[in-house]
Amino acid sequence: MTLKAVLCGCGAMAHGWMRALKTTPGLAEAITIVGLVDLDRSAARSLAEAFDLTDAVVGTDLDRVLEETRADLLFDVVVPVARKAVVAAGLKHGCHVLSEKPMATSLEEARELIALAETAGRIHAVVQNRRFISGIRRMRRFVESGAIGELTGVHCDFFIAPHFGGFREQMENVLLLDMAIHTFDAARFVSGKRPLSVYCLETNPAGSWYAHGASANAIFKFSDDVAFTYRGSWCAEGRRTSWESAWRLVGSKGMLTWDGEEAFEATVAGTGEGLLRGHRAIDVPPPPREEETHGHASVIADFLNAIRSGHPPETAGFDNIKSLAMVFGAIESARTGQPVAIQV
């Protein structure tokens, strides 16, 4: 059965959504875009022309387009401040809703959206697409295998210097809000642990071209005494890390490192004597099935599978709020200079 979808928010990010929908086997046949909505009608028209959506209803009023098209799905690609109203409208019209991240501008809003979805009996999920890349899923499986014993620490470095221009350079807490949530969510996924508290130092280093918060250092306490540390900067010129961070997973028997790109290395304790016992390399199993690792397209496919099966999607709002709480906890800690408990 083909599902009818309306896409709201037709700016630059919408083009990525449309490419995923048009080029991924299975998605193009499963979803038909029947409506495009944007406050700027010309942006919606431009998107329709770019992807040959000649039959799609184009408009500026989301309620009107949803009513006219009787859509099954709403794809929410609007700016965060508009998200609550857009998601609420989609749920009111009986749509399942897939939103861009962050899922809300506050935890209070996020809780309201979760409650609205539950009342409506519809699925509300978030495009946390970094979960669906090969390296992240490969680390998760390796931790689950027990090859490095019981996980004790997750450590991530993110140092890169993108000159975006536009809204990001004026945002408050830009690194934590716009980028770090990817690594926070991935750390929660890879470890399988629950975030309990955070202490964070946020700065805007000398030479920064951002208005606020281009660098952050955070220490999280996870359940089962697992520590997660994050060191990041979005204005670090020089040799960069991967966009996915550089990872070190520490276990009771050994370690796994991933450079965020292609290089995996797993080692366990050696058999030497003396102060340092050395180490020996062990194999890291190959990447998971290809269909799991298409990022954005895999999130959409997981969303569709949830609708068909009745099982929650991996990035359901009621789960993703835990990653959002990590971000807002870090922001609050940075503001107060004190550790903050994470309660969801």
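Per residue of region 241-249, what does 6.51 cos²θ - 1.76 cosθ + 1.60 with θ = phi - 60° give for ³J(HN,Hα)? Whole Hz please, x for Gly and Pro, Karplus curve as stated.
My calculation for region 241-249 gives 8, 5, 4, 8, 6, 9, 10, 9, 9 Hz in order.
Using θ = phi - 60° and the Karplus relation 6.51 cos²θ - 1.76 cosθ + 1.60, list the HN-Hα couplings for region 139-153 in order, rounded to whole Hz, with x at every Gly or Pro.
Values per residue, Gly and Pro as x: 5, 4, 5, 5, 4, 5, 5, x, 4, 10, x, 7, 5, 10, x Hz.
Among rounded, prolate and oblate, which fits region 157-197 when a ≥ b ≥ c are the square roots of the eigenvalues of its C-alpha gyration tensor, a/c under 1.5 means rounded, and a/b larger than b/c means prolate? Before the final figure, lay out the partial values.
Working: a/c = 3.45, a/b = 2.20, b/c = 1.56.
Cα axes put region 157-197 in the prolate bin.
Going through region 176-276, which GluC sites (Glu not before Pro) have at most 16 other Cβ atoms within 10 Å and a DSSP loop state?
In loop regions of region 176-276 (DSSP not H, G, I, E or B), the sparsely surrounded GluC sites (Glu not before Pro) are Glu237, Glu261, Glu262, Glu273.
At a Förster radius of 35 Å, what calculated FRET efficiency corresponds to the Cβ-Cβ distance of Arg277 and Ser145, to the nearest 0.05?
E(calc), rounded to 0.05, equals 0.95.
What's the local net charge at Gly270, with K and R +1, D and E -1, over the other residues with C-beta under 13 Å away? Could the numbers behind the result be given before it?
Values: positive: Lys253, Arg277, Arg280; negative: Glu273.
Counting the neighbours of Gly270, the net charge comes to +2.
Is there a quick way to get the dipole size of the chain? I mean about its Cα centre, with the Cβ of Lys and Arg at +1 and of Asp and Glu at -1; what is the value in debye to the nearest 20?
With Lys and Arg at +1 and Asp and Glu at -1, about 560 debye.
Convex hull over the Cα atoms of region 232-323, averaged projected area in nm²?
9.9
Which value at 222 nm does the chain reach when only helices count, each DSSP H run of 4 or more adding -39,500 (n - 2.57), with the total divided by all residues and rounded to the nearest 500 deg cm²/dmol?
That comes out to -10500 deg cm²/dmol.
Explain nothing, just compute: Karplus ³J(HN,Hα) = 6.51 cos²θ - 1.76 cosθ + 1.60, θ = phi - 60°, for every residue of region 169-179 in order, whole Hz, x for Gly and Pro.
Each residue's phi maps through the Karplus curve to give 6, 10, 6, 7, 6, 4, 5, 5, 6, 9, 10 Hz.
Pull up all non-local amide H partners of Gly153: gap of 5 or more, or a different chain, and H-to-H distance under 5 Å with H placed in the peptide plane.
Counting only residues 5 or more places away or on other chains, the set is Ala227, Val250.
With the cut-off at 1.5 for a/c, could you classify region 88-179 from its C-alpha gyration tensor as rounded, prolate or oblate?
Note, shape of region 88-179 comes out oblate.
What number do you get for region 3-122 when its Cα radius of gyration is normalised by 2.2 N^0.38 Å, N = residues?
On the way: Rg = 13.5 Å, N = 120, 2.2 N^0.38 = 13.6 Å.
The reported ratio for this selection is 1.00.
Give me the one-decimal Kirkwood hydrodynamic radius in Å for region 127-254, with the sum taken over alpha-carbon pairs.
15.2
Treating the angle as unsigned and between 0 and 90°, give the value, to the nearest 10°, between the Cα long axis of helix 181-191 and the longest Cα principal axis of the chain.
So the helix axis and the longest Cα principal axis differ by about 60 degrees.
Across region 44-89, how large is the tail of the calculated P(r) beyond 12 Å, expressed as a percent of all Cα pairs?
Here the long-distance tail beyond 12 Å is 67 percent of all Cα pairs in region 44-89.
Which order, highest average first, do 180-186, 24-30, 149-155 follow once you tally other Cβ atoms within 10 Å for each residue and take the mean per peptide?
Per-residue Cβ counts within 10 Å, averaged per peptide and sorted highest first, yield 180-186, 149-155, 24-30.
What number, in percent, do you get for the relative contact order of region 3-122 if the mean sequence gap of Cα pairs under 8 Å and at least 6 apart is divided by its residue count?
About 26 percent, as a whole number.
So how tilted is helix 83-92 from the main axis of the chain? Cα-based, degrees 0 to 90, rounded to 10.
Roughly 60 degrees, rounded to the nearest 10.
Say a site is exposed when it is one of the trypsin sites (Lys or Arg not before Pro), sits in a DSSP loop, and has at most 16 other Cβ atoms within 10 Å; what is then the longest site-free stretch of the chain?
71-238
For the chain, count all C-alpha to C-alpha pairs, find those more than 26 Å apart, and express that count as a whole percent of the total.
Result: 52 percent of Cα pairs exceed 26 Å.
Can you give me the distance in nm between label points at Ala263 and Thr119, each placed 7 Å from the Cα along the Cα-to-Cβ direction?
5.3
Per 0.36 nm of contour for each residue apart, how much would the distance between Thr336 and Thr229 grow if the chain were fully extended, relative to their Cα-Cα spacing?
Values: separation 107, 0.36 × 107 = 38.52 nm, distance 1.90 nm.
36.6 nm is the gain from fully extending Thr336 to Thr229.
What distance in nm separates the simple spin-label points at Asp55 and Trp243, each placed 7 Å from Cα in the Cβ direction?
Taking the two extended label points, one gets 3.4 nm.
Which of Lys4/Lys92; Lys4/Lys322; Lys84/Lys221 have a Cα-Cα distance over 23 Å?
Pairs exceeding the cut-off: Lys4/Lys322; Lys84/Lys221.
Rounded to the nearest 0.05, what FRET efficiency do Glu169 and Arg289 give with R0 = 35 Å and r taken as the Cβ-Cβ distance? Could you check? List each step's numbers first, then the result.
Working: r = 39 Å, r/R0 = 1.11.
Using R0 = 35 Å, I get an efficiency of 0.35.
Where a number appears in this text, it was derived from the coordinates with a stated rule and is not lab data. If you're wondering where the values come from, they're calculated on a predicted model, not measured in any experiment. Methodologically, a virtual Cβ is constructed for each residue, glycine included, from the backbone with ideal geometry; neighbour enumeration extends over all protein chains shown.
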